[in-house]
Amino acid sequence: VSFLKHEAQHNRDYKYEGLESFELEYRAKLVELIYYPTAEFLKSLVLSKDFSNMENSHAYAAAKIMSDLEKIYKDGFGTDDFDSFVGKLTNDGEAWNERGGFIRQSAERLLEKDTKRLEQK
């Protein structure tokens, strides 16, 4: 289901002309993160994130998502332990069940913010 949502987001986003590949992936991965039932997708983002090559759109989008989530986390909690928070979520199913909603809600906020950016172009 998350894969279908990912691909559906691509289809929806083709109306925005001139989007870079990493922007398409960023938006589709956010949708996938919003709906994925476990921490497995979050874990895949952690493992694949890489800002070193924008041409690797999947890795670059994963890195941007994790960076943006970290900013939201720090703004909300005022701490620098985002990596340990994510580590706990990705390695403890109970932690994901209790606090994964923060990740999902944050991903939804990021998608809404990015959609507003695109609509203002």
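Tabulated data
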{"item": "Selected from GLU70, GLU20, GLU32 as most flexible by GNM, with the chain as the system and alpha-carbon contacts under 10 Å", "result": "GLU20"}
{"item": "Residue among LYS74, LYS29, LYS88 with the largest mean-square fluctuation in a Gaussian network model of the chain, springs linking Cα atoms under 10 Å", "result": "LYS74"}
{"item": "Crossing angle, helix 82-91 versus the chain [Cα axis fit, 0-90 degrees, rounded to tens]", "result": "80 degrees"}
{"item": "Between helix 21-35 and the chain: long-axis angle, C-alpha atoms, 0 to 90°, nearest 10", "result": "50 degrees"}
{"item": "Largest-first ordering by accessible area, 1.4 Å probe, given options SER52, SER67", "result": "SER52, SER67"}
{"item": "Cα gyration tensor shape of the stretch 1-66, rounded if a/c is under 1.5, else prolate or oblate by comparing a/b with b/c", "result": "oblate"}
{"item": "Long pairs among LYS15/LYS49; LYS49/LYS71; LYS88/LYS116; LYS15/LYS121; LYS88/LYS113, criterion Cα-Cα beyond 20 Å", "result": "LYS15/LYS49; LYS88/LYS116; LYS88/LYS113"}
{"item": "0 to 90° range, to nearest 10: angle between helix 93-119 axis and the chain longest Cα axis", "result": "30 degrees"}
{"item": "For the chain, built as a Gaussian network whose Cα springs stay under 10 Å, the top-fluctuating residue of TYR16, TYR60, TYR73", "result": "TYR16"}
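The values are calculated or read from the model by the stated rules, or taken from the named source; none is laboratory data. Predicted, not measured: the structure shown is a model, and the values here were computed from it. Heads up: the accessible areas ignore ligands, DNA and RNA and are worked out on the full protein's heavy atoms, side chains in. Shrake-Rupley method; radii C 1.70, N 1.55, O 1.52, S 1.80 Å.
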